[in-house]
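To keep things clear, I will list the structure first and then write my remarks on it.
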Amino acid sequence: MTRRVKQYINGSWVESNASTYTPVINPATCEVLAECPDAPVSEVDQAVKAASAAFEDWRRIPVLSRAQYMFRLKTMLEERFEDIAALIVSENGKTRDEARGEVRRGIESVEFAASVPTIMRGYRLEDVSSGIDETAERQPLGVFAAITPFNFPMMVPLWFLPTAITTGNTFVLKPSPQTPLSTELLFELLDELDLPEGVVNLVNGGKDAAMAIMEHAEVVGVSFVGSTPVARIVYETCAKYGKRVQAQGGAKNYIAVLPDANMEASVANIMGSVYGCAGQRCLAGSVIVAVGEAYEPLKAELLKRASSLRVGYGLDESTQMGTVISSAAKERIHRMVDQGVQEGAQLLLDGRNIKVEGYEDGTFVGPTILDGVQPQMTVAREEIFGPVMSLMHVPDFETAIEVINKSHYGNAASLFTSSGKAAREFKYRVRAGNIGINVGVAAATASFPFGGQRDSFFGDLHGQGLDSIEFYTDKKILIERWL
Ligand code: NAD
């Protein structure tokens, strides 16, 4: 019988009593790795109640002791680094190096959480009035939860859980049912940490489990990462139930290239941005806006490089691009490419019929390039989340900025140039939360907030960095007069 993914509630592994299960499929080999339970509301309730019961004792554990758990967690993650990366490849389909990068970024978030004793401090001012002193103290709030996507099954949960618990809160995680195995492994490590029972909890499932979390009276705040339609639902639902919320949504990232850019470096960066993780990164470059004379050389070089990318199973070290997550994702990507052609784009490189020897049933989509893309086309406006580049030619820098700012998303945008003036203009005017200058994937490191604007982010305090300290704590004001 296929193994069933377990839940971790109140310090113990428990089998779910779910009535339905989602198969967890290796997208390259099509092997069914496990079945992920769609946890019933009662199990979400158990997890939240366990977290709630653990809160008062956990917050009293000195912050320096709470931080010690993070040092130990980092060591465990380093020790299991290669196993974790391999597991990510098998359930997600990315390459081994991409998975290693994901684990490294996850570890950086744990390192950040270890600094909580320094960065969680409040502030104080003497004599705000005669003989009166005023203090703002940061306090944890209770049970926080995260609802996370398939594309970074280890890194995204680590954006949230470590900082949430080190600041003194307790936690419930609901990962994507498409990739629950990396998080199960993370919880095996957390179990070895011997945290007090109930501090961290894992429930599996999809929409219903997510709704049960958001509607639960004892959850004080929710971090979400996923697609824009769901981010909007999460934002609205959390607002309705009076919770803190940070909802990071989908993206449509533009990369502009000026004629004065270093073409070789730009192409290498753009290739990594568009085709890295088979285009399934929220920071993936999607529309390449070639300005003026940059167009011809850029097009020729991108076509050459994309045509020679080695697509295959991520566990083969020579693979440069892996699979997309599922056959449903593959079909959606195919449909969007068709739509691009119907709306007038030219198919410069078609990756739809790719066959990978030994993995004929795998959900591979080869590198694809649509040329002659116009701003109003669906492929220029909507997220494809696959290895598809939309190439657009505009006459000048002004038009490039105008086109980029028409997008209803605002996750990331990059500019390739050797002009400081153009770079400053771009950074100043472009409406996106993560800006890259000669950088194709503008990914905030753990001590900076992960930007996002417009339909790419709903909320005000972002994930990561000092924003996360604000999100996971409240400031209590104390006004003192001693007579
Ligand atoms: P998704 O929105 O389908 O799912 C994300 C999570 O929400 C999962 O845990 C899922 O079970 C849950 N969910 C699904 N439908 C729901 C509903 N109706 N109500 C409540 N919860 C629901 O996203 P995905 O396909 O797993 O991930 C890909 C998306 O995530 C892309 O759009 C990508 O751009 C985005 N993403 C954004 C960021 C960012 O930082 N902005 C980072 C990574 C991924």
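Of note:
- Hull volume in cubic angstrom per residue (convex hull over the Cα atoms of region 253-437): 105 Å³
- Radius 15 Å from Cβ of residue 472, net charge of other residues (Lys, Arg +1; Asp, Glu -1): +3
- The phi-based Karplus calculation (6.51 cos²θ - 1.76 cosθ + 1.60; θ = phi - 60°) puts the 3J(HN,Hα) values of region 211-224 at 5, 4, 5, 5, 8, 6, 5, 8, 8, 8, x, 10, 9, 10 Hz, whole numbers, x for Gly and Pro.
- For the chain, the antiparallel share of DSSP beta bridges with both residues in that region comes to about 40%.
- Footprinting exposure proxy ranking of 63, 44, fewest other C-beta atoms within 10 angstrom first, gives 63, 44.
- For region 202-255 and region 124-171, distance of Cα centres in Å: 18 Å
- Charge tally in the Cβ shell below 10 Å around residue 258, where Lys, Arg are +1 and Asp, Glu are -1, residue 258 excluded: -3
- Charge context of residue 63, other residues only, Cβ under 13 angstrom, K/R +1, D/E -1: +4
- Our coupling estimate for region 78-86, obtained by passing each phi through the Karplus curve with A = 6.51, B = -1.76, C = 1.60 and θ = phi - 60°, is 5, 5, 9, 3, 5, 4, 5, 4, 5 Hz, Gly and Pro reported as x.
- Between 0 and 90°, nearest 10: helix 327-342 axis offset from the chain longest Cα axis: 40 degrees
- Helix axis angle, 96-114 relative to the chain longest principal axis, alpha carbon, degrees: 30 degrees
- Residues whose placed amide H lies under 5 Å from that of residue 205, excluding near-sequence neighbours: 39
- Fewest-first ordering of 202, 193 by other beta carbons within 10 Å of each residue's beta carbon gives 193, 202.
- In a DSSP loop and with at most 15 other Cβ atoms within 10 Å, the trypsin sites (Lys or Arg not before Pro) in region 39-137 are 121.
- Kirkwood hydrodynamic radius over Cα pairs of the chain, then Stokes diffusion coefficient at 20 °C and 1.002 mPa s, in µm²/s: 92 µm²/s
- Between helix 295-307 and the chain: long-axis angle, C-alpha atoms, 0 to 90°, nearest 10: 70 degrees
All of the numbers you see were taken from the coordinates with simple rules; none came from a lab. Since the structure is predicted, the reported quantities are computational estimates derived from the model, not experimental observations. Cβ atoms come from the backbone with ideal geometry, glycine included; neighbour counts cover every protein chain shown.
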